[in-house]
Amino acid sequence: MDDFWVFGYGSLMWRPGFEHEETRQARLFGFHRALCVRSFVHRGTPERPGLVLGLDRGGSCQGVAFRVRPENRDVVTAYLRERELVTRVYVETLRKVRLSTGDHVRAMTYVVDRAHHQYAGDLSVDDAFLGVQGARGQSGPNEEYVLNTVDHLKALGLRDAHLEAIAHRLQAGDRPQVSVRSGL
């Protein structure tokens, strides 16, 4: 059986939670990282949703690919399904990613379901900031999630201007004007 790869673009990069043999930077084409999912469990509640990352269509995303031993595939898949498919806002899929070595592999990843009621769409920095600030779920504060992701991206030499702008506002304690389109 071939190696099994998992592509992470958010908290999986800094807290994979599963045994893996190798970690490589990787790029997924056709999807981009976006703070586009209302979190009702991990980083918010139904009464006060937070926002978490999803892979939304268009562009590309730099993240991390984890190589898992073939004999661990079922255990890792079960773990990821329990972690990522709590509310079914993500769709499990296999996608081709380009590793930092230049090699291409198929990796399991989770893309956002745009038809799901938790899909928040393309949010401005102000709207995303409002959605994140003060939200808390089973996995902790939403601010922590955004700041950890930005810090990890920077440690990998990766940049995400949108997330960095939100993180900057969180650290500064800014108060943006409320947007009527946010719905958050």
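Run the helix sum for the chain: -39,500 (n - 2.57) per DSSP H stretch of 4+ residues, divided by residue count, reported at 222 nm to the nearest 500 deg cm²/dmol. List each step's numbers first, then the result.
Values: 5 runs with 50 residues, N = 184.
Value at 222 nm, helices only, nearest 500: -8000 deg cm²/dmol.
Leaving ligands, DNA and RNA out of it, report the carbon-plus-sulfur percent of the accessible area of the stretch 32-156 at a 1.4 Å probe. Write out the running numbers ahead of the final one.
Numbers: 2650 of 5650 Å².
Answer for the stretch 32-156 is 47 percent, counting heavy atoms of protein chains only.
Return the label of the correct value of Cα extents along the principal axes in Å, as calculated from the structure shown, out of (i) 52, 51, 27; (ii) 64, 40, 26; (iii) 53, 31, 26.
(iii)
Springs between alpha-carbon atoms under 10 Å, Gaussian network over the chain: tell me which of Tyr79, Tyr90, Tyr119 tops the mean-square fluctuations.
Of Tyr79, Tyr90, Tyr119, the most mobile in the Gaussian network model is Tyr79.
Taking the alpha carbon gyration tensor of the stretch 96-168, what are the square roots of 5 times its eigenvalues, largest first, to the nearest whole Å? Present the calculation step by step, with values, prior to reporting the outcome.
Values: eigenvalues 126, 64, 32 Å².
Equivalent ellipsoid of the stretch 96-168: 25, 18, 13 Å, largest first.
The values are calculated or read from the model by the stated rules, or taken from the named source; none is laboratory data. Since the model is a prediction, treat every value here as computed from it, not as a measurement. Areas reflect the complete protein model, heavy atoms only, side chains present, ligands, DNA and RNA absent. Shrake-Rupley method; radii C 1.70, N 1.55, O 1.52, S 1.80 Å.
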